[in-house]
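Asker: Before I ask anything, here is the structure I am working with.
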Amino acid sequence: MKRLLCIGLALVFFQPASAALIDGFSVGQGPFTVGPGEEITEEQGVLETDAVLGGFRVMAPGLDDEAPAGSTVTVGVAGGEFRCEINLTASHEETGGGCGTGWARGDGPLFDLSGSSAFEMDITSVGGATAMAVFVFGPSEEMALAFIESPTVGSATLPFNQFAPMTGTAPAWDEINTIVISAAAIDGNSGHVALGRFATDGPITGGAHVPTDANDDDEGPDPDHILRDEISGSYFNPSRDGEGLRLTREADGETFILTYYTYLDGEQVWLIGVGGLMDGQLVFDEMSITEGPQYGSNYDSGDYEARDWGEIVLDFRDCNRMTARVDPDDVAFEPIVVDLTRITPVTCGAGAPPDTDQAYTGTMFDPARNGEGFQIVAEGDRYIITFYTYDGGEQMWMIGVGDRSGNIVEFPAVYITSGTDFGGQFRPWDVSQTLFGSITVEFSNCNAASVKVEPVLSGFGEFTSDAVKIVDGPCP
């Protein structure tokens, strides 16, 4: 079983580059060594240097909790090489371990790689059982990757046409948000790999500029009346890719609904709560977790059970950035504090989104199917849906990106995920995605819609839900 480490990245500022070089590894960093389940700090993993694309290099080693005692992973840059060493004291097929390093555009313009056709790298040393991969991410959670399954010493080329999309929409090569290269153990064996250069075969320039708030001081959050109009959206932490928060301001203009989609013991869980904004904070002091019903046509709301889970407080720095303070009462979960950024930043202070966007966003449910629902947010000119439901009485969620035509929003590919755990045990490289199917939402007015769920995944049937907004309001 191959597990590849896709590290998350801190926000960085990109200055357009005319050269093809991403990183020549001329500036040293580390080495950092971790044992089973250990992590380095964010401060250790981030190096600021003008010698790399974007001005920052982010680097991290990782090793599963299940790795044999005494096993280590070491990553570092020295002598013009990036080197990853995976040392397991015994072969263990289910052990995932590896290293990653990456570059992100942060608050600057997107990376434009359209003048190139491939990544290039100099592999200076390989040993044991290792594989490599390169990940590219777009500004709205789009992701694609390509593997080098049996790396050998010498120059290697990875053409862009070999990248496979891992989300419904592949990132555009002129709109790249993040580039990550990783090395990992194969089938729980030891190994190492070293690189002397990572580049493209053509220029990298500055692409489209996604607006962000230019005010980067610590004077505190924007006034509540401005934030209230602007903070609905999807938020995530790049180092915890695979989970996130959905926040919608409902049609009354005052009520906020928060959902947190995450994992526990490798399986999907989701939380939901209602809150209000005060002094730059959103407080959701009665988050709930649910269980009980079956999927689809076998759904019976009489099986639905909800219980108190705990509290989540969101502290906003501006309309694109916040800190989530997660405080569970449920003993199966641990308290965590996570910094989050909006998937698609907006211009803070620009006011509410267009009425048409607000008409097709919000949290919806079918009164005949109490306990499940759909949350839709607008991200730029696209929409993201999360469908919260059940399979065999256990929570299940799926996510997809779609487009609107008239009163219909189509999500052609929605995915379910699995594989990691909550809080400090979250490992992004353990997250796996499976195509579930498609969802079509046809609005009869801004408060009601027919939602058609069409699975392609075996074991799930098609059904249609007559959904209404949890909090309705006047239509534009």
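The values are calculated or read from the model by the stated rules, or taken from the named source; none is laboratory data. Treat the numbers as computed from the prediction; the structure is a model and nothing was measured. Neighbour counts are summed over all protein chains in view; Cβ atoms, including those assigned to glycine, are modelled from backbone coordinates with ideal geometry. For accessibility, only protein heavy atoms count, side chains too; no ligands or nucleic acids. Shrake-Rupley method; radii C 1.70, N 1.55, O 1.52, S 1.80 Å.
Asker: Only Lys, Arg, Asp and Glu count, each charged at its Cβ (+1, +1, -1, -1), so figure out the dipole size of the chain about its Cα centre, rounded to 20 debye.
Answerer: Computed about the Cα centre, the dipole is about 1400 debye.
Asker: Subtracting the Cα-Cα distance from 0.36 nm times the residue separation, let me have the gained length for Glu267 to Gln44 in nm, one decimal.
Answerer: 77.2 nm is the gain from fully extending Glu267 to Gln44.
Asker: With all protein chains present and a 1.4 Å probe, how do Leu47, Leu258 order by accessible area, largest first?
Answerer: So, going from the largest accessible area down, we get Leu47, Leu258.
Asker: Once each part is reduced to its C-alpha centroid, what is the distance from segment 373-417 to segment 29-65 in angstrom?
Answerer: About 34 Å separates the Cα centre of segment 373-417 from the one of segment 29-65.
Asker: Just grab the label-to-label distance for Asp187 and Ser297, each label 7 Å out from Cα along the Cβ direction, in nm (one decimal).
Answerer: 4.4
Asker: In addition: I'd like to compare 390-396, 414-420: which one has the highest average count of other Cβ atoms within 10 Å, and what's the full order after that?
Answerer: 414-420, 390-396
Asker: Answer rounded, prolate or oblate for the chain, using the Cα gyration tensor with square roots of eigenvalues a ≥ b ≥ c: rounded when a/c is under 1.5, else prolate when a/b is larger than b/c, else oblate.
Answerer: It is prolate, given that a/c is not under 1.5 and a/b is the larger ratio.
Asker: For every helix of n ≥ 4 consecutive DSSP H residues, a contribution of -39,500 (n - 2.57) applies; sum these over the chain, divide by its total residues, and give [θ] at 222 nm rounded to the nearest 500 deg cm²/dmol.
Answerer: -500 deg cm²/dmol
Asker: Sort the following peptides by mean Cβ neighbour count (other Cβ atoms within 10 Å, averaged over residues), highest first: 367-380, 431-444.
Answerer: Result, highest mean Cβ count within 10 Å first: 367-380, 431-444.
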